[in-house]
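All of the numbers you see were taken from the coordinates with simple rules; none came from a lab. These numbers were taken from a predicted model, which means no experiment stands behind them. Cβ sites come from the backbone with ideal geometry, for glycine too, and all protein chains shown count toward neighbours.
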2 protein chains.
Amino acid sequence: MTTYHPPARDLQFVLQEVLDISASGIAGFDELDAETTSAVLEEAGRLSAEVLAPLNAVGDRQGCRFEDGAVTTPEGFGEAYARMREGGWMGLDCDPAYGGQGMPYVLHTAVGEMFVSSNMAFNMYQGLTHGAVSAIHAHGSDAQKATYLPRMVEGRWSGTMNLTEPQCGTDLGLIRTRAEPADDGSYRITGQKIWISAGEHDLSENIIHLVLARLPDAPEGTKGISLFIVPKFLPGEDGEAGARNALACAGLEHKMGIHGNATCVMSYDGATGYLVGEPHSGLKAMFTMMNEARLGVGLQGYAMGEVAYQNARAFAQERLQGRAVTGAENPDGPADPIIVHPDVRRNLMDQKAFVEGARAFTLWGAYLIDKARREEDEAAEGLISLLTPVIKGVLTDRGFETTVAAQQVYGGTGYTRDGGVEQFVRDARIAMIYEGTNGIQALDLVGRKLGAQGGKPAMAFLEMVKGFIKESEDDATLKADFLDPLKAASKDLQAAATFFMQHGQKSPNEALAGSYDFMHLFGHVCLGLMWARMARIARNALETDSPDDAGFYRAKIATGRHYMARHLPATALHRARIEAGADTVMALSPDDF
Amino acid sequence: MTTYHPPARDLQFVLQEVLDISASGIAGFDELDAETTSAVLEEAGRLSAEVLAPLNAVGDRQGCRFEDGAVTTPEGFGEAYARMREGGWMGLDCDPAYGGQGMPYVLHTAVGEMFVSSNMAFNMYQGLTHGAVSAIHAHGSDAQKATYLPRMVEGRWSGTMNLTEPQCGTDLGLIRTRAEPADDGSYRITGQKIWISAGEHDLSENIIHLVLARLPDAPEGTKGISLFIVPKFLPGEDGEAGARNALACAGLEHKMGIHGNATCVMSYDGATGYLVGEPHSGLKAMFTMMNEARLGVGLQGYAMGEVAYQNARAFAQERLQGRAVTGAENPDGPADPIIVHPDVRRNLMDQKAFVEGARAFTLWGAYLIDKARREEDEAAEGLISLLTPVIKGVLTDRGFETTVAAQQVYGGTGYTRDGGVEQFVRDARIAMIYEGTNGIQALDLVGRKLGAQGGKPAMAFLEMVKGFIKESEDDATLKADFLDPLKAASKDLQAAATFFMQHGQKSPNEALAGSYDFMHLFGHVCLGLMWARMARIARNALETDSPDDAGFYRAKIATGRHYMARHLPATALHRARIEAGADTVMALSPDDF
């Protein structure tokens, strides 16, 4: 049995103190003072803790049921979905022209952390809809927007993304699903799609599938893919769900986790579809959604780490086993709580330091998306494009590791279903795979993003780190614990980038063999930068006359020091591996394995 | 759907070339020439691949069924158990005086790897029996041995270990189960035990529980625990299973994995038990079994890594996605096999380098147990006691990571039940927890083993590493790739040990905060030593006129170089963390988390 406590204070700290969003100068953000965002977080936190979290184990145990093409979601999901819709949570950051509340994406992300932590499988239904809304908003015609967006923003209709086919996962150039033009300007879509999250369910009145398919005149490969809206029920003249379309869910996948979410095999049998944007530009349309979608998955990584950590912490504070090596701390009890043991404490500090750093990193990323989108800020767009594979790859890898570490605190109870924490491990595992495996994230980072715009965003990032160090360099309280480690780590990052520049062109394997290490090296520098920023803010708060909660700020600094002392030095190892090149990696031929 | 291919050639390489067991001088081992061990491995491999592996997914899906106190194992388990019994596998290394075959423990371990890789949950039934046989053999009376051992060695009766109670996992001093003396010299055992693997099932005629309990006059804590034999059916006058004893399985745990093994809640309600050894010396008796039991769990770690790696390799060789960055390697197909991609190759090499190093390490450990036991070699006993927590903790942590890495190669398929590899992840996870959590292993290593006998075994290990480097130092082919990295790593180990010696006494938290890192640092040096040894042997084999399989030896050297270049440098990171001490780890008070 697990519990969830919304980390509202920590989220507020990042929004209001670290990012200082109300002073950002972005239009409309000045209204988002501490009181306003606090009220939003409180409300979302209540929904998460009281409605979503209690359904998390239910969803895992019952899973989704498939019968005669219909999917039944677990008990209580329908009611929770209605609660979420009524609260207006689905359109929090959507365009007011279509019924959204127009709030910042960064606030949507902060709220999303709580929804994911409390029930990741459930939250995917609306998460997929959110992605489809963004795609239609960016690439749909005015008529398409008018028909689909208001109903999807409201949550009455939901959405999906249909990319994968049996022969084609990462390599979308292999897509075979066909789209034949019909006389009325629509298309007939035929093919099979697999691993379609929320592809069929009983939560919404209609499901709007965004489907990648090939037109008859499509060029081979990724340049011949178009994007279609393929609704489960075709909109009638009043715009509402009408005739059933020629598509069906052919079955559900049985998975390691996220049992509460329906992962569907979808069959399109001459289904009516509507082209979104230009022919053959479907992949490009998908790509413009990618930063947002991948940031959302990175968020899943650390949000699962957060809830696992919360429960491990509570277990460690309560479970009595053994005595502190420095003398009993609970002398009247049969034993001390296991949090007294240094290795348990080390484990919990590792979890805490990762999750809090990851939260700041993700919300900073979301803030950059706001900035890029609302101010058409090209520097912000370049930076978030660079950081997106790092957020997705690093935070899901380390988020998963955090759930495993939390499970370890529980001992045997952690391995039992009743303990509950093992579900977090199983659920978190998918985030390393979907929305581009983490190996693909590393490839995207090294093969595409690092050299984008002649390396401008990468250099801007390194300058930002240098700038932070420089403006704080006289700050004796930060120097040894924060600035020096950050400087050393950013040197490793620079050296690794230089290695790639020197070798990548003439021998791409040299660079790609180190791509995974580079992604993690980069992630460490990002989290190191976040911790140095947070420490400075916390220190400043403590220096004011009467900081409201000195304990909070002191814990923040202590946690940051732990990250800098024990995790940031990993950059040297990643650099050593990168500089080892492709030699041993490619030494064996495929048949020698 | 997964497959299993017994790695007979690799096992033979370690037994005959690395350990050279037939030349070890241990009595009886000289008969174990290559032909003999090869025949044993072949036979066990066939049983593993043809009988056990096909039941692995069956066991996971069906699990064990509990009804009216009886446990039904999955379909096919009964027949497989009979096959294993008929083959004499259960007594392979047991005392011939009780029907065993008297083979070395190291051969039992090599065979055990295949049994675990093919079906971990199934193999636990006989694994637990083996542990109980060892305990009775070491501590039982002659009459107890005569009654229990022949039937258990034969596999007609099985065994268990009953330690854990709801309030007491790691801290056995909290045990409450009572043992009241009866007039006939036996005892009445009353209490509840949890997480009892193979506690009740339908595979054997009788189940012999080894139960830790307290006598009425027992001192508090761990010094008041005694060990009892508590059979499910009391042996009658003919020694065979007779009257039902007052004990019952009260239910099964629902677990993350190893569903094929029954994890039982056991109730003892005045059950008849027989004292093993002296009163109040139960924990000591258990401890003498510990090296063997923990080595067996470490073996589970890498054996699960092995089977996961095998399947990931096959998937990567077959799955077509994308093109090699250096030009198409399968130009006639729609795409190249994903093994062409450097990051996939890097991942597979990481897995392979770990598993093969771990195999050598574990079999070396088993060989030391043979040496300690059969020759009463105190140096071997000291060394294996030191290495045991490293084998258990490091190989289960990294074995689990290997299953996760293998799952990643599969992409989406890795997350589905049908893909099969996700079961390896779930099954492997338990090995980090049971038989002492890995945090406890680290504590045992730093708090007990490192300073044992005034540090003699630890110094002997370091001298062994130095000796190896010294005797090879003129060997130009080994120097840069193997000897230099090993030297650097062992320096880190030495420095970390020195740090503990300087700080451990006056401030034990300083040492214990680094215990987990020390365990992994130590593990890297052990695997580095194994790889350096294996590389030297492989190089020598290649220099003979016509090595039988040059490809095998060349791959061995290439894999070793990968380990040394990309994994051994982790020792510097672990050392840095250790030298960071307890400062940040213990900075927050338990309530500040």
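Only lysines eight or more places from B:LYS352 in sequence, or on another chain, were considered; those with a Cα closer than 27 Å are A:LYS255, A:LYS392, B:LYS392, B:LYS466, B:LYS479, B:LYS487, B:LYS491, B:LYS556. Note on A:GLU378 and A:LYS506: the extension gain reaches 43.0 nm, defined as 0.36 nm multiplied by sequence separation minus the Cα-Cα distance. Starting from the label point of B:GLY236 at 7 Å along Cα→Cβ, the same points in the other copies fall at 7.9 nm, in ascending order.
Placing pseudo-labels 7 Å out from each Cα toward the beta carbon at A:ALA138 and A:ARG156 gives an inter-label distance of 2.7 nm.
Taking Lys and Arg as +1 and Asp and Glu as -1, the other residues whose beta-carbon sits under 11 Å from that of B:ARG417 total -1. Mean partner shielding of peptide A:399-408, defined as the number of other chain Cβ atoms within 10 Å of each residue Cβ, is 2. The C-alpha atoms of chain A define a longest principal axis, and helix A:342-375 lies at about 50 degrees to it. For B:ALA452, the label point sits 7 Å beyond Cα toward Cβ; its separations from the matching points on the remaining copies run 5.5 nm, from shortest to longest. The distance from the alpha carbon centre of the range B:98-154 to that of the range A:415-478 is 48 Å, rounded to a whole number. Measuring from a point 7 Å past the Cα of A:PHE552 along Cα-to-C-beta, which residues in the range A:29-65 have an amide N at less than 14 Å? From the range A:29-65, the list is A:34-39, A:41-42.
Of all DSSP beta bridges in chain A, what percent run antiparallel (nearest 5)? Antiparallel bridges make up about 85 percent of those DSSP assigns within chain A. Peptide packing: for A:45-55, B:560-570, the average count of neighbouring Cβ atoms within 10 Å per residue gives the ranking B:560-570, A:45-55, highest mean first. Each Cα pair under 8 Å and six or more residues apart adds its separation to the average, and for chain A the resulting relative contact order is 12 percent.
Here the spin labels are modelled as points 7 Å beyond Cα on the Cα-Cβ line, and at A:ARG65 and A:GLU180 they lie 3.8 nm apart. Take A:LYS284, push a point 7 Å out from Cα through the beta-carbon direction, and compare it with the same point in every other copy: 8.1 nm, smallest first. Against the main long axis of the alpha-carbon atoms of chain B, helix B:378-409 sits at an angle near 70°. With respect to the axis relating copies A and B by rotation, the chain A residue whose beta carbon is closest, plus that distance in Å, is A:LEU573, 2. The angle separating the long axis of helix A:484-503 from the principal Cα axis of greatest extent in chain A is about 50 degrees.
Taking the fewest neighbouring Cβ atoms within 10 Å as the starting point, the ordered list for A:VAL58, B:VAL40, A:VAL446, A:VAL344 is A:VAL58, B:VAL40, A:VAL344, A:VAL446.
Note on B:ARG46 and B:ALA488: the model spin-label points, each 7 Å out from Cα along the C-beta direction, lie 4.8 nm apart.
Counted by neighbouring Cβ atoms within 10 Å, the residues B:LYS145, B:LYS371, B:LYS284 run from fewest to most as B:LYS284, B:LYS145, B:LYS371. Stretching the chain fully between B:ASP332 and B:MET464 yields a gain of 42.2 nm (0.36 nm per residue, less the alpha carbon separation). For the peptides B:459-467, B:360-368, A:541-549, the ranking by packing is B:360-368, B:459-467, A:541-549, with the highest mean count of neighbouring Cβ atoms within 10 Å listed first. Calculated mean residue ellipticity at 222 nm for the protein assembly as shown: -16500 deg cm²/dmol, from DSSP H runs with n ≥ 4 weighted as -39500 (n - 2.57), summed, divided by the residue count and rounded to 500.
Taking every residue in B:508-516 and counting other chain Cβ atoms within 10 Å of its Cβ, the average works out to 5. Across peptide A:333-345, the average count of Cβ atoms from other chains found within 10 Å of a residue's Cβ is 6. For B:GLY159, the shell of other residues with beta-carbons less than 13 Å away shows a net charge of 0, using +1 for Lys and Arg and -1 for Asp and Glu. Is the shape of the range A:449-586 best called rounded, prolate or oblate, per the rule: a/c under 1.5 gives rounded, else a/b larger than b/c gives prolate, else oblate, with a ≥ b ≥ c the square roots of the Cα gyration tensor eigenvalues? In terms of gyration-tensor shape, prolate. Fewest to most neighbouring Cβ within 10 Å: what's the order for B:GLU375, A:GLU67, A:GLU356, A:GLU17? Fewest to most other Cβ atoms nearby, the residues stand as A:GLU67, B:GLU375, A:GLU17, A:GLU356.
Placing unit charges on the Cβ atoms only, positive for Lys and Arg and negative for Asp and Glu, gives chain B a dipole magnitude near 1320 debye about its Cα centre.
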